[in-house]
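In what follows, a single structure is set out as structure tokens and then discussed.
The values are calculated or read from the model by the stated rules, or taken from the named source; none is laboratory data. Model, not experiment: these values are computed from the prediction. Positions of Cβ are backbone-derived with ideal geometry, glycine not excepted, and every protein chain shown enters the neighbour counts.
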């Protein structure tokens, strides 16, 4: 099987890197990329030539605006890996309801130009099918996963005698960092440090809670280079996932959960059907109702029960390292594409 990734993209986002790395290691698969700077006639000719020699053209995560152009000029079926829905992100998660009509129509139009879709969870597959009438048998569920050489267990060294609770993220609403800040306030006298990595839309709100409660138990690390992330995670005693309350938060399994587990870390995150697709709550992950009281209670319980913490850490590592590394993720993609090779295309656009 031959696959071409094409888009106005450098193919460096984690989701895309996992797919590319996995496909390159897979037997019988030829994987190439076409990075374009402009959607113009020159690049259209390149795409037409290259796509005539492959079985599928994949438009990578976030490149919604490339899909119709790629479909117009591709000689091979087009697979879109949206990773996000603009409607679900801007309207449901950020609460920008005035954008509802335009964002819904945008998603609908984009998806209708793809022959196949990839979804990172079954919950997202159901969303695309229900809300945009995309046939379920044309949607492949391919989890995010991780690159095994980037995240692996490391020796945990701390010198301050504190219990470190770690989080990294882009501070978007679905991550519910306000819940983390409020939990830190509840635990400010418990010899616990909250290590927060990242920045983003809700960072200001997070800082207001920190300053209002005069929380010295929160350490802000800002953005870290990707290559330094694993060294920092190694210093966490337990890790935090997401605690947003939106419909988007219910449907996703974020990158960080795979990374934490691959480093043999015990994680607390919000409960959801999406999480249950892969993890077994209270066995290889701790899931809670997303509120500060429950989070504080769970953190304290793990701090006081190292046996449970280690058991969950080991179980999560065994699960993720064996079934969700880059090669396993690529296998899931290959299996889906192989099933589709004998199927008729969903949409035919004039060349």
>> For the stretch 117-159, which positions are in contact with a strand residue (DSSP E or B) (Cβ under 6 Å, 6 or more places away or on another chain), touching a residue at least 60 places away in the same chain (Cβ under 8 Å) and not in a loop (DSSP other than H, G, I, E, B)?
In response: 118, 122, 138, 140, 141
> When the stretch 216-234 is examined, which residues are found to be surrounded by fewer than 17 Cβ atoms within 10 Å (Cβ to Cβ), more than 22 Å from the chain's Cα centre (by Cα) and in a loop (DSSP other than H, G, I, E, B)?
Replying inline: 216
> Quick one: how many residues across the stretch 170-179 are buried (at least 24 other Cβ atoms within 10 Å of the Cβ) and in contact with a strand residue (DSSP E or B) (Cβ under 6 Å, 6 or more places away or on another chain)?
Replying inline: 1
> Based on what the data block shows, is residue 55 farther than 25 Å from residue 252 by Cα and touching a residue at least 60 places away in the same chain (Cβ under 8 Å)?
Replying inline: yes
>> Kindly evaluate residue 214 against the criterion of being at pLDDT below 95 and closer than 24 Å to residue 303 by Cα.
In response: no
> Counting just the residues of the stretch 180-201 that are in a loop (DSSP other than H, G, I, E, B) and in contact (Cβ under 8 Å) with a residue 24 or more places away in the chain, which one comes out surrounded by the fewest Cβ atoms within 10 Å (Cβ to Cβ)?
Replying inline: 191
>> If I ask for residues that are in contact with a helix residue (DSSP H, G or I) (Cβ under 8 Å, 6 or more places away or on another chain) and surrounded by fewer than 19 Cβ atoms within 10 Å (Cβ to Cβ), which ones from the stretch 291-300 would you list?
In response: 291, 293
